């Protein structure tokens, strides 16, 4: 069973990470990432410390460099194609959309039985919130 984690970009310019953890702040990494329990994460979302439009869930997978893959990440395939990780409610699964693409537009879709192996062929190169220029690059 995968671990449920969320991240959201704070109004202070730093990422917040929420996970099933003790009710206190668990880690302050050198990069300033904040790992808090889910209740604290969503409390910060409610009071406006986290920008709601940036909240995304972890896919539970890691890219070829061991980096966790979240909704909103821009990933590069071995073919250099850029794709955006999105959750598709109608299929109840994470999908890769070719940017620029609306929330439910999937120009690129492949079925893979072994998601973990497939994820190891991806590289997270940014996200749509901090690196919107990558969406333009992917369209070119």
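Any read-out appearing in this document is the output of simple, stated calculations on the displayed coordinates, not a laboratory observation. Predicted, not measured: the structure shown is a model, and the values here were computed from it. No Cβ is skipped: glycine too gets one built from the backbone with ideal geometry, and neighbour counts run over all protein chains shown.
If you stretched the chain out fully between residue 20 and residue 3, how much longer would it get, using 0.36 nm times the residue separation minus the C-alpha to C-alpha distance?
This chain segment gains 5.3 nm when fully extended.
Can you work out the FRET efficiency for the pair residue 39 and residue 91, with r the C-beta to C-beta distance and R0 = 41 Å, to the nearest 0.05?
Computed FRET efficiency for residue 39 and residue 91 comes out at 0.90.
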